[in-house]
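The next block holds one structure in the form of structure tokens; read it before the comments.
The values are calculated or read from the model by the stated rules, or taken from the named source; none is laboratory data. Please read all numbers here as calculations on a predicted model, not as lab measurements. Cβ atoms come from the backbone with ideal geometry, glycine included; neighbour counts cover every protein chain shown. Each accessible area value is taken on the protein alone, full model and side chains, heavy atoms only, with ligands, DNA and RNA left out. Shrake-Rupley method; radii C 1.70, N 1.55, O 1.52, S 1.80 Å.
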Amino acid sequence: MSNAIYSQRIVSRRTLFAEAGMALGAAAVSRGALGAAGAPRGTLFDIHTHLTQGWIGSTTEPVTATHLLHWMDGHEIERAAVLPLVSPEAFWYPVTTEFVLRETAPHRDRLIPFCAIDPRTLATHLTTPKQVQDLLRRYREAGAKGFGEHKPRLAIDDPLSMRLYEACTAVGLPVLLHLDNEANMDKPGLPGFDRVASAFPELVLIGHGKGWWASIAGGISQADLQVGYPRGPIAPGGAIDALMDRHPNVYGDLSSSGAHALLRDSAFGGEFLRRRADRLLFGTDYYDRGQLDWPQFTMFDALKAPDEVRRKVAAENAVRVLKL
Ligand SMILES: [Zn+2]
């Protein structure tokens, strides 16, 4: 499809979104106004997507900005955060901040870039707090609204990452981090996450990944922090509720294993979604054209979420924490 035709489609969809928004106004959202994911039509904000590049080992076409926008249109997603992946353990190849800033530049009304720095750079090149903050400020001035996806193979509270969190606090960038036994490693109960949240109470921390979402349940082992999609009832005493109780700056990203964590036990998941409605962010973790399974789009209905909960989780929380 030509660029001109594509732009026209975007314009008409945006008009549709604007009209839908006006029609909703302050009035209660009626069922008829709900879109595919059960959120108010056209209002979804996806906190977790990636752009990719063609590479020699790839079997699918890259997720370009044009493709991502088209995919978002098909799923009634109005806006999406686009996250770089710079650590060597994070992806098959680095997706740099500079690439994400450049590719999103023509589409900033819908694609919201994040920035990322591998913490080991702070041991070699960005050795002073000023150097780290200066780079983050340049990223922010170029449009970055958050930091992540933070995914190095280091302890979550490794001293190098702590220096990065300190710089993100100073610059005012929320941090989205992946936690399992291969990135931002922690122990059952997430004592390392607790130390980070305690050390930086002003820093918005958005938890993501297998280990984070396994921790919705109590009584788990170190190996459980690496299970992709645990099944079955959620035992009480999970670390996520405890962290959210103790720290107003702790949030959860419902992409990937997030929706699965809520849907594995719909009684617990529905209650969790309601009581944490101010702390949860809708997301998909779209990065591969072959991805087809999206429980995120049935989650609100499956958990019988009230309209106010849907609005907050679908977009309002993201708009608030990213200061859009
Ligand atoms: Zn991701």
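Residues to consider are K304, K323, K312; find the one that is without any contact (Cβ under 8 Å) to a residue 40 or more places away in the chain and at positive phi.
It is K304.
Which of the following residues is modelled with pLDDT of 95 or more, acidic (D, E) and under 16 Å from the mean Cα position of the chain (by Cα): D224, D285?
D285
Residues in segment 60-100 that are surrounded by fewer than 14 Cβ atoms within 10 Å (Cβ to Cβ) and touching a residue at least 12 places away in the same chain (Cβ under 8 Å): how many?
Qualifying residue count for the region: 5.
Between a residue in segment 105-129 that is within 21 Å of D157 (Cβ to Cβ) and any residue that is open to solvent by 70 Å² or more (accessible area, probe 1.4 Å), which pairs come within a Cβ distance under 6 Å, given they are 6 or more apart or on different chains?
Note: pairs meeting the criteria are L122/R163.
For the structure I just gave you, tell me whether G207 is within 16 Å of the ligand (Cβ to nearest atom) and modelled with pLDDT of 95 or more.
yes
Go through segment 242-268 and count every residue that is within 20 Å of E149 (Cβ to Cβ) and either among the aliphatic types (A, V, I, L, M) or free of Cβ contacts under 8 Å to residues at least 40 places away in the same chain (or both).
Selection size over segment 242-268: 5.
Can you tell me which residue in segment 180-190 is surrounded by the fewest Cβ atoms within 10 Å (Cβ to Cβ), limited to those that are aliphatic (A, V, I, L, M) and away from the ligand (no atom under 12 Å from the Cβ)?
M185
Just need a number here: residues in segment 234-261 that are of a type in the set (S, T, Y) and open to solvent by 10 Å² or more (accessible area, probe 1.4 Å).
Selection size over segment 234-261: 2.
Scan the helices (runs of 4 or more DSSP H) fully inside segment 60-161 and keep the ones with 2 or more residues being under 22 Å from V313 (Cβ atoms) and among the hydroxyl-bearing types (S, T, Y).
Output list is empty.
Hey, can you tell me all the residues within segment 277-292 that are within 15 Å of the ligand (Cβ to nearest atom) and either free of Cβ contacts under 8 Å to residues at least 24 places away in the same chain or assigned to a strand (DSSP E or B) (or both)?
Hits for segment 277-292 are L281, Y286, Q291.
Test G237 against the criterion of being in a loop (DSSP other than H, G, I, E, B) and away from the ligand (no atom under 16 Å from the Cβ), and give yes or no.
So G237 passes the test.
Contact list please: Cβ distance under 6 Å, first residue in segment 196-211 and touching a residue at least 40 places away in the same chain (Cβ under 8 Å), second residue within 14 Å of the ligand (Cβ to nearest atom) and charged (D, E, K, R), pairs at least six apart or on different chains.
Listed by first residue and then by second, the contacts come to I206/D253; H208/D253; G209/D180; K210/D180.
Restricting segment 210-227 to residues that are over 28 Å from L173 (Cα atoms) and of a type outside the set (S, T, Y), which is nearest to the ligand (Cβ to nearest atom)?
Top of the filtered list is V227.
Can you go through R231, R274 and tell me which one is within 20 Å of D180 (Cβ to Cβ), open to solvent by 30 Å² or more (accessible area, probe 1.4 Å) and either part of a helix (DSSP H, G or I) or among the charged types (D, E, K, R) (or both)?
Unique residue meeting the criteria: R231.
When G252 is evaluated against the numbered criteria (1) in a loop (DSSP other than H, G, I, E, B); (2) within 16 Å of the ligand (Cβ to nearest atom), which criterion, by number, is the only one it fails?
For G252, the failing item is (1).
Just to be sure, is M162 closer than 18 Å to Q226 by Cα and open to solvent by 30 Å² or more (accessible area, probe 1.4 Å)?
No, not satisfied.
Which one of the conditions (1) under 27 Å from P84 (Cα atoms); (2) open to solvent by less than 50 Å² (accessible area, probe 1.4 Å); (3) among the aliphatic types (A, V, I, L, M); (4) without any contact (Cβ under 8 Å) to a residue 24 or more places away in the chain does V175 fail to meet, given that it meets all the rest?
(4)
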